[in-house]
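S.K.: Just passing along the structure, written as structure tokens.
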Amino acid sequence: MTQTVGAVSAYTTKLLKLLDRVEYRRIDNLEDMEDVARLRRKAYIEADILPVEGDMLIDELDFDPQAYVFGVYFDERLVSTVRIHHVTPAHRVSSSGKIFPDAVNGFLDAGMTLIDPVRLAADPDLLEELPAIPYLTLRIATMATDYFKVDQCLSLIKPQHAAFYRRVFRSKQIVAPTSNCDAYKIDLTLLAAHVPVELPKVYQRYPFFRSQPFEQRMMFAPPEELSTLPLTIRPTARYLQAA
């Protein structure tokens, strides 16, 4: 169902208020990574997407130098997590690239840079009372596209979720739905949004995705560029909206 302007505005206002209760944390220690693994397991069991063999709740890509694992905390409780890959022609490591290499390498061979947000997991016990969790989590992806100034933002998703990404992020299908993908043996499709064209439109319609440069820097800058790695990062969208 298409949202009316009034409905979008009301939801924007609600989400901007919710952001006051949100903190983001870059996962860089074993204790927090174990919390992320437990959340992934809980979400994957609920969605029936556990791997065919082994654990795989933490894998080698979590530790890639251009991968960023985040926890989203609501009222100081871990409610979701996502892993962001910054993919370039010189550094092609990504989850989407492992599953759909032809499509991803096509972008990279053309000289494009990408953001690949994957491993999104939300606490299934909280989704009903806090249905905004996907928005609060995917805001991290919009920050990444802005900070790294990439050409495309990928969406490696189940086919039934494609309508959400088309509507919210104006993404377009790159790879048709494919059955039994990777070690999880689930159906997946790949979408992509052309960031320079679509991101300003996303910000206009959903201003809670916006962020100030210093928030982006706290999220993604190398530790050596920061005096200290922040324990948590507070969203800045409301300050931009007020301005």
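The values are calculated or read from the model by the stated rules, or taken from the named source; none is laboratory data. As the structure is a computational prediction, the values presented were derived from the model and not from experiment. Glycine gets a Cβ as well: all are built from the backbone with ideal geometry, and neighbour counts include every protein chain shown. For the accessible areas, the whole protein counts, side chains as well, though only heavy atoms, and no ligand, DNA or RNA atoms are used. Shrake-Rupley method; radii C 1.70, N 1.55, O 1.52, S 1.80 Å.
S.K.: Which condition number does residue 124 fail, the rest of (1) open to solvent by less than 30 Å² (accessible area, probe 1.4 Å); (2) outside any helix (DSSP H, G or I); (3) not polar (S, T, N, Q) being met?
M.R.: In the conditions (1) open to solvent by less than 30 Å² (accessible area, probe 1.4 Å); (2) outside any helix (DSSP H, G or I); (3) not polar (S, T, N, Q), residue 124 misses (1) alone.
S.K.: Residues being open to solvent by 40 Å² or more (accessible area, probe 1.4 Å) and either at positive phi or free of Cβ contacts under 8 Å to residues at least 60 places away in the same chain (or both): count how many of those fall in segment 224-239.
M.R.: Adding up the residues that qualify gives 5.
S.K.: Right, next: I'd like the full set of residues that are open to solvent by 20 Å² or more (accessible area, probe 1.4 Å) and of a type in the set (Gly, Ala, Ser), limited to segment 127-175.
M.R.: 163
S.K.: Among (1) open to solvent by 50 Å² or more (accessible area, probe 1.4 Å); (2) modelled with pLDDT of 95 or more; (3) hydrophobic (A, V, I, L, M, F, W, C); (4) part of a helix (DSSP H, G or I), there is one condition residue 202 misses while meeting the rest; what is its number?
M.R.: (1)
S.K.: Further question: So residue 173 ticks every box in (1) touching an Asp or Glu at 6+ places or on another chain (Cβ under 9 Å); (2) in a strand (DSSP E or B); (3) farther than 26 Å from residue 59 by Cα; (4) not aliphatic (A, V, I, L, M) but one. Which box is left unticked?
M.R.: (1)
S.K.: From the list 71, 111, which one is under 24 Å from residue 21 (Cβ atoms), touching a residue at least 12 places away in the same chain (Cβ under 8 Å) and not in a helix (DSSP H, G or I)?
M.R.: Details: 111 fails: under 24 Å from residue 21 (Cβ atoms).
Answer to the check: 71.
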